[in-house]
Every structure is written in C-alpha cells, then in structure tokens.
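To start, the structure itself, in structure tokens.
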Amino acid sequence: MGQCLVKTAHSCGTRNGLQVYEQEDGSLDGFCWSCNKYVANPLGVGKTIHDIPKHERLAKSAEEIQAELDEIGECGIVDLEDRRLRAAALDYYGIKVGYDRADGKTLKFLYFPYIAKARLQSYKVKLIEGKKFWSVGDQSKVDLFGWQQAKESGAKRLVITEGELDAVALKVIFDTYEKAEYRDFIPAVCSLPHGAGSAHKDIARLAPEITKFFKEVSFCFDDDEPGHQATEECLKIFPGATVVNLPCKDANECIIKGKGKAAFQAAKWRAEVKKNTRLVFGEDLHEEAREVAKRGELTWPWEKLNDITRGIRYGETIYIGAGVKMGKSELLNELGAHFIKNHGVKVFMAKPEEANKKTYKLLAGKIVGKVFHDPDRDFDFNAYDDAGAVLYGKLGMVNLYQHLGWESLKADIYAAAGWGAKVIFIDPITNLTNGMEAAAANIKLQEIAQELAAMALDLNVVVFIFVHLKAPENNISKDARLKSYKDGKYIGLGNCPHELGGDVSSNQFAGSRAMMRSCNYMLALKGNKDAILNDHIRNIRELELLEDREFGEVGNFPLYWNRNTTHFEELDQ
C-alpha cells in the first residue's frame with residue numbers, strides 16, 4: 001500500500017478505522033484496521049485522490065509531491081560559512097538551500113536529496129536554526145545519503161557517517177589532505193538516512209547493496225552515546241567493519257575547530273577493527289543475572305513440546321530433520337502461521353524448493369484452516385482475504401530467481417532483520433551446498449551452522465533450519481514389511497528407511513557434527529507413509545527431541561496431520 005490519504009468509516013461500525021491509500025497507478029484501495037479487512041475501491045469505483053478535498057487529506061498526491069521535489073531541485077547552493085563548507089562540496093552531493101519567503105535573503109532551509117531505485121525519492125529538509133527535520137516525499141526506504149555518488153566513485157572502501165553534513169565534511173577532509181598520487185584511493189563517503197536511532201535497521205536493510213559495491217566498510221558515527229550504540233549495533237551486521245575515532249565529536253566539528261588533518265590521519269590510518277570479545281567478570285554480571293528465569297518469548301503450537309522446551313527464545317537456532325516427503329514444509333508452514341497469527345511477529349522464509357506463490361497459499365490456509373492450493377477443493381475467497389489481512393506486513397520471502405548461495409542468503413537475513421523479522425526459516429540448508437563434493441559440503445555446512453548461531457544472537461532472532469537426513473542402507477521388501485508390521489512400526493527389521501517409520505539419530509543430519517555443536521535444539525520429524533497402511537496411520541507424525549542444549553530434555557511428541565484443516569494436531573502419547 002502507498003501513503004494513507006484519509007481515515008473514514010467502514011461497514012464494521014468503525015468511525016475512522018478504514019484507511020484509504022493511493023497506489024502507484026493512481027487507484028485507491030483501503031484497509032480497515034478495526035476489523036482487519038482489505039477494502040477495494042473504498043470511495044467508489046474510479047475514484048482518485050482528486051475526489052478527496054485537500055483539507056481532508058492526510059497526505060499529498062504523487063503529483064503534488066513531485067511538483068515540490070521539482071521546485072526544490074531548481075534551488076541553488078551557497079557556501080555555509082558557519083559550517084566552513086564550500087558550495088562546491090555541497091553541490092557534489094546535490095544539496096540545495098532555501099530562503100525565508102518573507103525577505104528572500106535569509107538562509108532558512110537545507111535540502112538533502114535521497115535516492116531509491118536510482119530515482120529521486122525525497123528531500124530531507126533541515127531548518128537552519130535548530131535541529132528540526134522533516135521530509136518532502138517518501139523517506140522510508142531510501143538509500144544512504146550520497147549513495148549514487150559512492151557507487152560512481154569506483155572506491156573499494158565506504159565510510160558511513162551519522163549525518164549528511166558530516167559526510168560532506170569528511171569528503172572535504174579526504175580531498176584536502178590526501179596526496180595527489182593516492183587520490184584514486186580516496187574512499188566513498190555516505191551518511192545514514194535516519195540518524196543513529198535507526199542505524200542498525202537501515203544498515204541491515206541496505207547491507208546487500210553495500211556488500212555488492214564495496215569491499216571495506218567503516219563507521220564514523222558521532223562520539224556520543226547514541227553514536228556509540230549505533231556503532232555497536234551496526235558491527236553486528238558488518239562484524240569485519242572498521243571504526244573511525246575522530247579527534248572531535250563529528251567530521252564537521254573537526255573542520256570548524258581546525259582539526260581536519262588529525263581527522264584525516266584518524267580516518268585513513270587509524271580506523272580500527274573492534275574486538276567482538278572481551279573479558280567479562282562474574283561480579284559485573286551478578287545483578288543482571290539476579291532474576292527469575294523466564295519462558296521463551298515465543299511458543300510452539302503444541303502444548304507438550306512447549307512445556308518440555310520452556311518455549312522458544314530469541315537468539316536460538318533450531319534444526320529439524322526429516323526423511324523424503326515426510327511433511328517438513330507443512331511443519332514449517334504450521335510454525336510460520338502460528339508465529340504470525342498468535343504472536344504477531346514478522347517471519348522471513350527462504351524456501352528455494354517451493355514456489356513463493358504456493359508458500360503464501362499454504363500459509364494462508366494454515367491461518368484460517370482452509371485449503372487454497374488444491375484444485376479439487378472449493379476456493380473460499382472470503383477466508384482467503386481474511387488470511388491475507390493477518391499475513392499483511394508479516395511475511396517476507398527470498399526471491400527465488402536469484403542464486404541462493406550462503407553469502408546472498410546471509411545478506412537477505414540481515415535485510416530481513418532490518419525489516420523487523422524475528423523468525424527466520426531456511427528449508428533446506430543443504431540447498432546451500434548443491435554441487436559440492438561431500439567433504440567440501442560438510443565443511444561449508446560447518447561454517448554456515450557456526451555463523452547462523454552467531455547471527456541469531458547478534459540479531460536477536462530465532463532461526464529454524466530444516467535438514468535432509470542421510471538415508472539408512474536398507475531395502476525392505478513389501479512382503480517383509482507386511483510380516484513384521486505391528487502398531488505402526490516394523491519390528492525386527494533393523495534400521496528401516498525414514499519414510500517407513502525408521503528411527504532418526506542426530507548423526508543422520510547432513511552436516512550433523514557442526515549442527516550438534518552449534519544448535520540449541522535438534523528435532524526429527526518421523527512417520528510411516530507406507531502405501532500398505534490405512535490413511536489415518538499414514539498421516540500420523542512424531543516430533544522427537546534429539547538434542548537440547550538448554551535443559552537436556554528428550555522426548556517424543558505425536559502429531560496428526562488433519563487433511564481438512566491442514567493443521568498438525570497434538571495427539572496423546
């Protein structure tokens with residue numbers, strides 16, 4: 001949806017819960033936040049923003065915004081004497097100035113241009129007197145300030161400052177003090193679009209683009225508490241980044257106080273890699289740890305598993321293994337729908353073996369207990385729209401048209417965390433090692449498992465990793481199965497295949513050693529889908545808790561897949 005234009009009444013009874021939005025094609029649609037319903041043509045078929053009186057609108061039209069952007073673009077630029085920044089340096093970044101309309105002489109505004117998808121998206125407006133900011137246009141998902149200039153610079157290093165004028169100042173410092181023979185090595189300089197408070201969200205969102213164009217990243221935020229906090233958060237996203245410690249609070253202050261050369265030396269030669277480990281002493285933790293243990297922030301959909309694990313905690317990695325076509329994607333969707341519907345958290349899914357459209361339909365079905373992907377079942381459009389209202393703004397998926405390698409997925413996870421995702425699903429992790437020899441794949445899975453464990457902690461998310469199991473070396477005939485079958489299992493046939501109800505051990509997970517070391521939990525999805533069994537037995541599954549780092553628990557938890565609702569329902573032991 002676009003910007004909210006007006007709030008109005010809806011048939012559910014709300015007086016202003018129906019919000020009307022303008023889409024890119026100029027059409028209007030709406031969403032009622034009181035009854036969670038999508039509303040097509042809320043003001044009537046064919047109505048546009050021009051049918052809403054200007055004095056009633058909460059937002060301007062796209063045409064009105066574009067006219068303002070064009071007007072600002074025609075403004076000029078002058079030296080900022082109090083900042084000791086020349087017009088040419090400001091012009092490099094496309095900065096404009098505005099004057100008081102009353103006298104046409106008094107400098108009143110600074111306009112900082114922001115780009116998104118290679119197009120001017122907005123100007124951040126700064127009032128010269130004081131620190132008041134606002135924006136013209138959509139400032140929500142813009143690039144770093146100066147991003148276009150950075151990409152075109154050809155630099156291999158990117159320095160990110162906290163504010164726009166600090167980016168200008170640091171660029172001036174590099175241009176002034178770098179020797180002529182080394183000017184090709186001057187780094188690109190950008191600034192955060194929304195300041196220190198949103199630094200980690202913006203850096204996580206933009207991480208894929210940053211890593212695409214630059215080999216080195218440095219953070220040069222203000223020398224104050226918000227700047228330090230922002231640096232710590234951003235280093236979790238770029239743990240190999242360096243940190244620039246300037247002789248003054250920020251780069252512009254360095255110029256104003258005549259510390260430009262010292263700032264250049266600090267930025268070029270003394271940028272340091274922060275150590276992410278340091279000594280911690282027990283007495284420093286005593287008060288912090290002096291609290292009653294709490295259950296996890298999230299729950300499982302099944303009471304008995306939830307009780308034995310004490311819930312699900314952010315910062316955990318949970319591995320779930322299953323045999324071929326045992327229903328792990330169904331289980332994944334069950335969990336995803338549960339977290340969205342019952343906890344209201346955002347979920348990110350990387351499922352390269354399943355089309356995103358199908359994933360969405362399956363999740364929608366889980367939300368309302370319906371089937372939307374089977375052509376032999378009636379499609380309940382009202383229920384589907386109800387599910388869409390629950391899923392709206394809560395589900396992110398990986399673009400299946402890109403190559404899914406670990407580096408690209410890692411960038412996607414950082415971006416998803418920046419978007420606000422609290423639960424990450426990867427199905428299957430072995431897809432990241434396709435084409436590798438067994439030994440190389442195992443080493444790669446080891447690396448991925450360790451990195452995922454660190455990322456879960458750093459980003460404060462929970463990561464579910466679904467894994468293919470190594471098949472037992474058995475080939476059991478149908479006659480042998482019939483003779484040995486008893487109570488849903490085959491007796492006396494040794495380690496039979498997983499899809500025929502065979503037992504699962506931790507070492508059957510692909511990359512098991514790395515996973516056992518790095519995981520918080522390992523679970524196996526077990527069942528028997530032999531065609532000789534009746535439908536009820538074949539739809540029974542069992543979640544077995546194999547590894548529990550937190551409490552050392554084990555256990556089996558039977559589930560029944562209900563064909564009508566698509567839910568996994570908890571069974572008695």
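Please work out which residue is nearest to residue 356 (Cα to Cα), limiting yourself to segment 415-446 and to residues that are charged (D, E, K, R) and modelled with pLDDT under 85.
444
Taken together, the criteria exclude residue 363 from residues that are surrounded by fewer than 24 Cβ atoms within 10 Å (Cβ to Cβ), part of a helix (DSSP H, G or I) and modelled with pLDDT of 90 or more.
Within segment 135-161, the set of residues being within 15 Å of residue 171 (Cβ to Cβ) and not in a helix (DSSP H, G or I) comprises 144, 145, 146, 154, 155, 157, 158, 159, 160, 161. Of all residues in segment 521-535, those satisfying the criterion of being modelled with pLDDT of 85 or more and either over 16 Å from residue 306 (Cβ atoms) or out of contact with any Phe, Trp or Tyr (no Cβ under 9 Å at 6 or more places or on another chain) (or both) are 522, 524, 525, 526. Each residue in segment 361-397 was checked for being in contact with a Leu (Cβ under 7 Å, 6 or more places away or on another chain) and closer than 24 Å to residue 420 by Cα, and 5 of them qualify. Residues that are assigned to a helix (DSSP H, G or I) and of a type in the set (Phe, Trp, Tyr) do not occur anywhere in segment 97-106.
Whether any residue in segment 273-282 is touching a residue at least 12 places away in the same chain (Cβ under 8 Å) and buried (at least 20 other Cβ atoms within 10 Å of the Cβ) is what I want to check. No, every residue in segment 273-282 fails to be touching a residue at least 12 places away in the same chain (Cβ under 8 Å) and buried (at least 20 other Cβ atoms within 10 Å of the Cβ). On the stretch given as segment 532-573, residues that are within 17 Å of residue 330 (Cα to Cα), assigned to a loop (DSSP other than H, G, I, E, B) and either of a type in the set (S, T, N, Q) or in contact (Cβ under 8 Å) with a residue 40 or more places away in the chain (or both) total 6. May I ask you to verify whether residue 294 is under 27 Å from the mean Cα position of the chain (by Cα) and exposed (fewer than 12 other Cβ atoms within 10 Å of the Cβ)? Taking the combined requirement at face value, the residue satisfies it.
Pairs linking a residue in segment 192-204 that is touching a residue at least 60 places away in the same chain (Cβ under 8 Å) and farther than 11 Å from residue 233 by Cα to a residue that is aromatic (Phe, Trp, Tyr) and outside any loop (DSSP other than H, G, I, E, B), with Cβ atoms under 7 Å and 6 or more positions apart or on different chains, are 193/114; 193/145.
Here is a yes/no grid of residues against (1) in contact (Cβ under 8 Å) with a residue 12 or more places away in the chain; (2) in the same structural domain as residue 468 (by TED's automatic domain parsing); (3) in a loop (DSSP other than H, G, I, E, B):
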| position | (1), (2), (3) |
| --- | --- |
| 292 | no, no, yes |
| 295 | yes, no, yes |
| 300 | yes, no, yes |
| 305 | yes, no, no |
| 319 | yes, yes, no |
| 325 | yes, yes, yes |
| 335 | yes, yes, no |
| 339 | yes, yes, no |
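The values are calculated or read from the model by the stated rules, or taken from the named source; none is laboratory data. No experiment lies behind these values; they were computed from the predicted model shown. As a convention, Cβ positions derive from the backbone with ideal geometry for all residues, glycine included, and neighbour counts pool all protein chains shown.
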